[in-house]
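Here it is: the structure, laid out below.
The values are calculated or read from the model by the stated rules, or taken from the named source; none is laboratory data. The structure displayed is predicted, hence computed values, not measured ones. Because the Cβ atoms are built from the backbone with ideal geometry, glycine has one as well, and the counts that use them run over all protein chains shown.
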């Protein structure tokens with residue numbers, strides 16, 4: 001497998017370290033490139049939440065493309081050290097907040113402020129993506145009203161999943177990777193009093 005790198009932006013071409021062990025699966029360059037092509041200019045000055053962050057390569061890509069800040073949430077101590085090393089290599093430590101925590105415990109807190117984008121790429125085949133969406137749906141303030149949740153899974157894991165505060169607006173397949181985009185939906189207004 002080729003090494004990880006930053007594809008575009010201020011840190012273009014910088015090589016990134018991979019966490020040791022089999023608990024993380026890096027997003028392929030072509031998938032990462034496709035995602036950021038879809039997001040386009042909206043990444044500039046955005047707040048980015050990288051959940052199950054692994055090497056941190058997705059959040060770092062966002063920072064390289066002009067995101068104002070990124071929060072990385074990862075439970076594995078070795079992966080957290082890798083994220084911190086990659087942030088040092090790319091020069092983005094000052095714009096980053098690395099949290100060593102279980103994603104579900106982290107999301108059960110009340111957010112201090114919302115994010116424009118949340119990237120969800122959990123370990124495969126445990127329906128952790130559904131659990132993550134459910135928690136975000138119960139606490140939609142994590143995502144700004146015009147924000148997106150981006151889910152990376154194996155296509156075999158996908159199921160239609162009804163949510164109150166988010167709706168699936170796009171789905172793209174790249175080989176054995178499926179990327180789903182969930183948008184915050186406007187709250188349904190209460191019916192007027194008779």
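Here are some residues: 6, 27, 31, 80. Which one is modelled with pLDDT of 90 or more and surrounded by 16 or more Cβ atoms within 10 Å (Cβ to Cβ)? Let's see the steps before the verdict.
Values: 6 fails: modelled with pLDDT of 90 or more; 27 fails: modelled with pLDDT of 90 or more; 31 fails: modelled with pLDDT of 90 or more.
Criteria check complete, one pass: 80.
Please enumerate the residues belonging to segment 108-132 that are in contact with a strand residue (DSSP E or B) (Cβ under 7 Å, 6 or more places away or on another chain), in contact (Cβ under 8 Å) with a residue 60 or more places away in the chain and surrounded by 19 or more Cβ atoms within 10 Å (Cβ to Cβ).
Result: 115, 116, 117, 118, 119, 120, 121, 132.
Suppose we filter segment 136-162 for residues that are buried (at least 17 other Cβ atoms within 10 Å of the Cβ) and farther than 25 Å from residue 37 by Cβ; how many remain?
Of the residues in that region, 2 qualify.
Turning to a different aspect of this structure: Go through segment 108-119 and give me each residue that's modelled with pLDDT under 95 and under 24 Å from residue 42 (Cβ atoms).
Initial filter on segment 108-119 (modelled with pLDDT under 95): 108-114.
Residues satisfying the conditions are 111, 112, 113, 114.
I'm told residue 64 meets every condition in (1) under 24 Å from residue 107 (Cα atoms); (2) buried (at least 17 other Cβ atoms within 10 Å of the Cβ); (3) modelled with pLDDT of 90 or more except one. Can you identify the failing condition by its number?
(1)
Report whether or not residue 105 is exposed (fewer than 15 other Cβ atoms within 10 Å of the Cβ) and closer than 24 Å to residue 138 by Cα. Talk me through it step by step, then tell me what you get.
Working: exposed (fewer than 15 other Cβ atoms within 10 Å of the Cβ): yes; closer than 24 Å to residue 138 by Cα: yes.
It is true that residue 105 is exposed (fewer than 15 other Cβ atoms within 10 Å of the Cβ) and closer than 24 Å to residue 138 by Cα.
Against the condition under 23 Å from residue 169 (Cα atoms), surrounded by 23 or more Cβ atoms within 10 Å (Cβ to Cβ) and at pLDDT 90 or above, how does residue 53 come out, does it pass?
Working: under 23 Å from residue 169 (Cα atoms): no; surrounded by 23 or more Cβ atoms within 10 Å (Cβ to Cβ): yes; at pLDDT 90 or above: yes.
Spelling it out, it is not the case that residue 53 is under 23 Å from residue 169 (Cα atoms), surrounded by 23 or more Cβ atoms within 10 Å (Cβ to Cβ) and at pLDDT 90 or above.
Residues that are within 15 Å of the chain's Cα centre (by Cα) and farther than 25 Å from residue 9 by Cα, at least 1 per element: which helices (runs of 4 or more DSSP H) completely within segment 75-194 meet that?
Details: elements: 77-90, 103-107, 128-138.
Here the list reads 103-107, 128-138.
In segment 68-77, what residues are touching a helix residue (DSSP H, G or I) at 6+ places or on another chain (Cβ under 9 Å), farther than 20 Å from residue 129 by Cα and surrounded by fewer than 19 Cβ atoms within 10 Å (Cβ to Cβ)?
68
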